[in-house]
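A short worksheet on the structure shown next.
The values are calculated or read from the model by the stated rules, or taken from the named source; none is laboratory data. Quick caveat: nothing in here was measured; it's all calculated off a predicted structure. When we count neighbours, we look across all protein chains shown, and the Cβ atoms used for this are built from the backbone with ideal geometry, even at glycine.
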Amino acid sequence: MELILIRHGLPLRIQREDGAPADPPLSEIGQRQAVAVGAWLAQEKIDFVYASPLRRAHETATPLAQTLGLKVEVEPRVAEYDQHSDAYVPVEELKVLDRAKWNELMEKGYPEGLDLEQFREGVVQSLTEIAARHSGQRIAIFCHGGVINCWAADVLGLGFKLFFNPYYSSLNRFLVSSQGVRSVGSLNECAHLRDFDREGPK
C-alpha cells in the first residue's frame, strides 16, 4: 500500500491573547496551494483521505475530498506537536523574525518542551495502523511538517529529528508491504507548485 503524507498549505500567523490554541486557518496562498495539491492528487486513485484535526490540515484536505466525493476522516494522532500553542509562526517567518530561535530549532532538531517519545509513538502507531487497515490501497493523509519528519525518520532508522523541511502542500510518499516492510517513495514532491513562489502564485 502507499501512504501519501501531505503537509498543509501556508497558514496565517496567529497569536492568541487569551492563551487558547492558535489553530490557524489557511492563508489565501495556502487555500490556493490546497486547490493545487487536490487537483494534482485527483489524477491518482486515492482510496481514502485522512487529516489532522487542526484547521490548516483539514482545510488543505477539503478540495481533494470534495473532488473525489470522499469524507475526510480525522486522525488526532497526526496533529502537530504545537497543537496546544497559543501562537503559530511559519518557520520561514521565524527565520526572519527570530534568527536565534530558528537556529536553535535547526540545531536541536525538535522544539523545546516537546515530549519527544510520546509524540513519536503516537505518530508511528497511528500511521502503522492506517497502513495495516488499508492494505493494497493508496491513502492521502494531510498533516504537518513535524509528523512527516517523525514518520520519515522512523522509516529510515534515524531516530527522531527534524531533518528536512517539507514544503507547504508537498507530497511525501511511503510504501508499506503486506508484511509491514516500509520504504520511502519520495520526499518533498512539489511539481504541482511550479506556479508558486515564496510570495505566492505567479
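Please work out if Val35 is within 16 Å of the chain's Cα centre (by Cα), surrounded by fewer than 19 Cβ atoms within 10 Å (Cβ to Cβ) and more than 23 Å from Val123 (Cα to Cα). Criteria met by Val35.
All conditions in (1) among the basic types (Lys, Arg); (2) under 20 Å from Ala65 (Cβ atoms); (3) at pLDDT below 95 hold for Arg77, with the sole exception of (3).
Of the residues screened, Phe142 is not one that is surrounded by 14 or more Cβ atoms within 10 Å (Cβ to Cβ), within 27 Å of Pro90 (Cβ to Cβ) and at pLDDT below 95. Summed over the stretch 148-162, the residues that are of a type outside the set (A, V, I, L, M) and either modelled with pLDDT of 95 or more or in a helix (DSSP H, G or I) (or both) give a count of 4. The residues in the stretch 124-147 that are assigned to a strand (DSSP E or B) and of a type in the set (D, E, K, R) can be counted, and the count is 1.
Residue pairs whose Cβ atoms lie under 6 Å apart, sitting 6 or more positions apart in sequence or on different chains, and linking a residue in the stretch 175-198 that is in contact (Cβ under 8 Å) with a residue 12 or more places away in the chain to a partner that is hydrophobic (A, V, I, L, M, F, W, C) and assigned to a loop (DSSP other than H, G, I, E, B), are Val176/Met1.
When Glu121, Glu104 are checked against the criterion of being modelled with pLDDT of 90 or more and not in a strand (DSSP E or B), a single residue qualifies: Glu121.
Please indicate, with yes or no, whether at least one residue in the stretch 178-192 is assigned to a strand (DSSP E or B), at pLDDT below 90 and not aliphatic (A, V, I, L, M). Explain how you work it out, then say what you get.
Quick first cut of the stretch 178-192, residues assigned to a strand (DSSP E or B) only: 182-189.
Then keep just the ones that are at pLDDT below 90; that gives none.
Scanning the stretch 178-192 turns up no residue that is assigned to a strand (DSSP E or B), at pLDDT below 90 and not aliphatic (A, V, I, L, M).
In the stretch 38-70, of all residues being part of a loop (DSSP other than H, G, I, E, B) and over 14 Å from the mean Cα position of the chain (by Cα), the one that is surrounded by the fewest Cβ atoms within 10 Å (Cβ to Cβ) corresponds to Gly69.
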